[in-house]
Amino acid sequence: MSAPSVRTPPGASPFTLVAARVVTCDESRATAGNALGALEPGAVTIADGKIAWIGPPEARDPNVPVTDVGGAVVTPGLIDAHTHLAWAGSRHGEYAVRMAGGDYEAIAKAGGGIVSTFRAVADTSPEALVELLRARLLRAAQLGVTTCEVKSGYGLLPEHELKQLRAIAACTNRPELPAVVPTFLALHALPPEARADRGGYVRRVVEELLPRVREENLAAFVDAYLDASAFQIDEGRALGEKARALGFHLRLHVGQFADIGGAELAAELGAHSVDHLEQVSGAGIAALARAGTHAVLLPIASFTLKQAPPPVAKLRAAGVPLVVASDANPGTAPTESLPLALALGVRNYDLTPEEAILGATRWAARSLDLPQRGALRRGAQADLVVWDLPHEHAIVQPWGTPRTRLVLRDGAPIFGRLSL
């Protein structure tokens, strides 16, 4: 499946935004002292859903109408590169158990965790699932998100996985929502019905369900959860090789609880990203660096699970691109807030503010194969956020509330109102 289609507002007239600070995240503008390529002050001209010009305000076209947002800071729209937003039900009970010291893997083995959400998804109508996803995407937009990767993986059985993927498809090109990149999380957990025949379940997913998803064009990426108590390397390899043969890109959950060689497999298969990485070896990091695979860091999940962070300093030193995502899900990251993930990435993962912001803009876009998003530059899609904040460093403070004034996707508001 190709990237989400470009939405061009019909008949939209060009306009220019002027701000005290415009953070481009464009590497061609970056310098040693200005890693985010910020303009102070700055101006952005938008026409036909794209950025037509960017530069100092005094150099703008005087014939184009202007909106001056004063002391606000403007950034690219945030890109959430790892979410599970298409769920139903609630797991607040097990969250309370975990906060009291309960073990996540023990909860899962007792029928909680992913299987609990599987049951809720199975009992939810397709229309209700679409509405739940739509509402979550709208809340994400208020927080500055203009593109969102959304995984299936709670359906587990073919009919429910397809229901999830079709719900995601129903939200993919809706103009009032962030752009959606759909991912088929093909191997997430064993449904209770398959525990007596694990091999048969994996074969049916790989040989029957995967081609069906391709036939219906329901996903851009395929994903699998590889861990000691989840799916194993041979199962991930079988899925990944078939997915590549069918034309899918790959993302893999790797090393959340144990390092079983998932990073090496991801590099071997040419995966766009490996996500989690709380446990990864030096050999795995080296393999990721050689392959150019992105590391998607999920600090909200490790926070709620009381885990030590991934070896960020080693990933950084090896040159592995660092992405930051929310991991929005009903169990370990019950939030739609990518800014919260950025705040925890700085506080708990020792990311710099610049690394965190690039991890939710430029690097997130590249991990999702979206070359026209993630930076403010001429010709890119006009996805941007006007923050009610004086500087981009303020974005990574844990506000706990939206600080956006205006959020544009392809030049049109998905949150706030544009006054010309």
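The values are calculated or read from the model by the stated rules, or taken from the named source; none is laboratory data. On a predicted model such as this, the values are computed, not experimentally measured, just so you know. For neighbour counting, all protein chains shown are included, and Cβ atoms are generated from backbone atoms with ideal geometry for every residue, glycine included. What goes into the accessible areas is simple: the full protein's heavy atoms, side chains included, and nothing from ligands, DNA or RNA. Shrake-Rupley method; radii C 1.70, N 1.55, O 1.52, S 1.80 Å.
Couple of notes before you dig in:
- Any hit, segment 256-264, residues being in contact with a strand residue (DSSP E or B) (Cβ under 7 Å, 6 or more places away or on another chain) and touching a residue at least 40 places away in the same chain (Cβ under 8 Å): yes
- Taken as a whole, the structure places Pro10 among residues that are more than 27 Å from the chain's Cα centre (by Cα), surrounded by fewer than 17 Cβ atoms within 10 Å (Cβ to Cβ) and at pLDDT below 95.
- The listed residue being within 22 Å of Gly77 (Cα to Cα), assigned to a loop (DSSP other than H, G, I, E, B) and at pLDDT 95 or above, out of Leu133, Leu156, Leu138, Leu177: Leu177
- Residues in segment 13-23 that are outside any loop (DSSP other than H, G, I, E, B) and either among the aliphatic types (A, V, I, L, M) or at pLDDT below 50 (or both): Leu17, Val18, Ala19, Val22, Val23.
- Criterion: in a strand (DSSP E or B), touching a Lys or Arg at 6+ places or on another chain (Cβ under 8 Å) and either buried (at least 21 other Cβ atoms within 10 Å of the Cβ) or not basic (Lys, Arg) (or both) - qualifying residue of Val386, Val407: Val386
- Where a residue in segment 294-307 is over 16 Å from His82 (Cα atoms) and its partner, wherever it lies, is charged (D, E, K, R), with Cβ under 8 Å and at least six apart: Thr304/Arg98; Leu305/Arg98; Gln307/Glu278
- Inside segment 197-254, residues that are of a type outside the set (A, V, I, L, M, F, W, C), more than 25 Å from Arg166 (Cβ to Cβ), modelled with pLDDT of 95 or more and assigned to a loop (DSSP other than H, G, I, E, B) make up a count of 3.
- Residue in segment 241-263 that is surrounded by the fewest Cβ atoms within 10 Å (Cβ to Cβ), counting only those that are over 26 Å from Asn329 (Cα atoms) and not aliphatic (A, V, I, L, M): Gly247
- Looking across segment 30-47, the residues that are outside any strand (DSSP E or B) and out of contact with any Pro (no Cβ under 8 Å at 6 or more places or on another chain) come down to Ala30, Ala32, Gly33, Ala35, Leu36, Gly37, Glu40.
- Candidates are the residues of segment 168-198 that are open to solvent by less than 10 Å² (accessible area, probe 1.4 Å) and touching a Lys or Arg at 6+ places or on another chain (Cβ under 7 Å); the one that is nearest to Gly240 (Cα to Cα) is Leu185.
- Residue satisfying all of: in segment 317-328; open to solvent by 10 Å² or more (accessible area, probe 1.4 Å) and in contact (Cβ under 8 Å) with a residue 12 or more places away in the chain; nearest to Gly359 (Cα to Cα) among these: Leu322
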